[in-house]
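Trainee: Shown below is the structure under consideration.
The values are calculated or read from the model by the stated rules, or taken from the named source; none is laboratory data. In this text the structure is predicted, and so the values were computed from the model without any measurement. Here the Cβ positions follow ideal geometry from the backbone for every residue, glycine too, while neighbour counts run over all protein chains shown. Accessible surface is based on the protein model in full, side chains and every heavy atom, while ligands, DNA and RNA are left aside. Shrake-Rupley method; radii C 1.70, N 1.55, O 1.52, S 1.80 Å.
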Amino acid sequence: RKQEEDGALNAAKALLFMPDLLGYFLTGEIATEFTIATTSMLYDGKGGDWSRETIKELGLPDIFTAVQKSGERRGTLLPSICDELGINAATLCTVGEHDTASAVAAIPGEGDFAFCSSGTWSLFGVENDLPRMDEAAYDGGFSSEGTVQGGFRTLKSIMGMWLIQECRREWNKEGRNYSWDAIVAEAQKVRPFRTVLDVDHPTFYTAGNMPEKIREYCRMTGQKEPVSVGQFARCIYESLALKYCYAVEKLEEMKGR
């Protein structure tokens, strides 16, 4: 909006992320929950508030609201909503509004552990009390995002099941309708480590004809091209596992254990 010189930016009284906007519609209260605030690249993790210096340097107006911890109360349902639905004026409590923050909070782990939240993207990391903002984190491509408990997730974004999802979409278009269990079964039949991908290579970021993109990558890197469904699936699953291993090793280097 700033680059486009959009007048709405200067006219705005507050900036709300989507979950906080929904909260505003429910209660009329304006605030920003901690975990979603930390994903903005405008939050000072060490100072515990918005980075006013960064905001000023970017020329943004002062439209950033107070930051609330996860689990705090934020008003009650508006009378108009209660009347329409015939319900009591329930209290709204903030949750970990960033989906990965809530996913990690649900992990039944104790002590020092790494986590992988795997979907279309994979998010791999550890929990810390303070944000990691050193050269090792920067070089390794790790960010620092808030936890429900008020700490920080040292986090690396890795390609996830997008690759196999896109391959399956192409196979379905061709009339080869494999279930996910069938794809795994095919992968188990073929030789391991025949082909290895850098799953984060830019080639794989866009949708459409993923099998051909994988073959193209193999030609570019001098590897055998997958042919069967099992070979495609196995190279994707193994390549993801190797990238997870790389992330664990980087985290061990950063944490010193």
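Trainee: Please give the strands (runs of 3 or more DSSP E) falling wholly within region 79-170 in which 2 or more residues are free of Cβ contacts under 8 Å to residues at least 24 places away in the same chain and under 24 Å from Leu22 (Cα atoms). If you could, list the steps in order and put the result at the bottom.
Mentor: Details: elements: 91-93, 114-118, 121-128, 143-146, 152-159.
Once the strands (runs of 3 or more DSSP E) in region 79-170 are filtered for at least 2 residues that are free of Cβ contacts under 8 Å to residues at least 24 places away in the same chain and under 24 Å from Leu22 (Cα atoms), what remains is 91-93.
This table checks each residue for (1) closer than 18 Å to Ser122 by Cα; (2) of a type in the set (S, T, N, Q); (3) modelled with pLDDT under 95.
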| site | (1), (2), (3) |
| --- | --- |
| Trp171 | no, no, no |
| Arg176 | no, no, yes |
| Asp181 | no, no, no |
| Ala185 | no, no, no |
| Val190 | no, no, no |
| Pro211 | no, no, no |
| Met220 | no, no, no |
| Val227 | no, no, no |
| Cys235 | yes, no, no |
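Trainee: So which residues in region 103-159 are aromatic (Phe, Trp, Tyr) and open to solvent by less than 30 Å² (accessible area, probe 1.4 Å)?
Mentor: Going residue by residue through region 103-159, those that are aromatic (Phe, Trp, Tyr) are 113, 115, 121, 124, 138, 142, 152.
Correct list: Phe115, Phe124, Phe142, Phe152.
Quick grid of which residues meet (1) under 21 Å from the mean Cα position of the chain (by Cα); (2) closer than 30 Å to Asp134 by Cβ; (3) among the small types (Gly, Ala, Ser); (4) in a loop (DSSP other than H, G, I, E, B):
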site	(1), (2), (3), (4)
Asp181	no, no, no, no
Pro192	no, no, no, yes
Asp200	yes, yes, no, yes
Tyr246	yes, yes, no, no
Glu249	yes, yes, no, no
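Trainee: Identify all residues within region 1-38 that are in a loop (DSSP other than H, G, I, E, B), modelled with pLDDT under 90, open to solvent by 50 Å² or more (accessible area, probe 1.4 Å) and of a type outside the set (S, T, N, Q); write none if there are none.
Mentor: Arg1, Lys2, Glu4, Glu5
Trainee: Answer yes if at least one residue in region 45-66 is modelled with pLDDT of 95 or more, under 21 Å from Ala90 (Cα atoms), in contact with an Asp or Glu (Cβ under 9 Å, 6 or more places away or on another chain) and part of a loop (DSSP other than H, G, I, E, B), and no otherwise.
Mentor: There is no residue in region 45-66 that is modelled with pLDDT of 95 or more, under 21 Å from Ala90 (Cα atoms), in contact with an Asp or Glu (Cβ under 9 Å, 6 or more places away or on another chain) and part of a loop (DSSP other than H, G, I, E, B).
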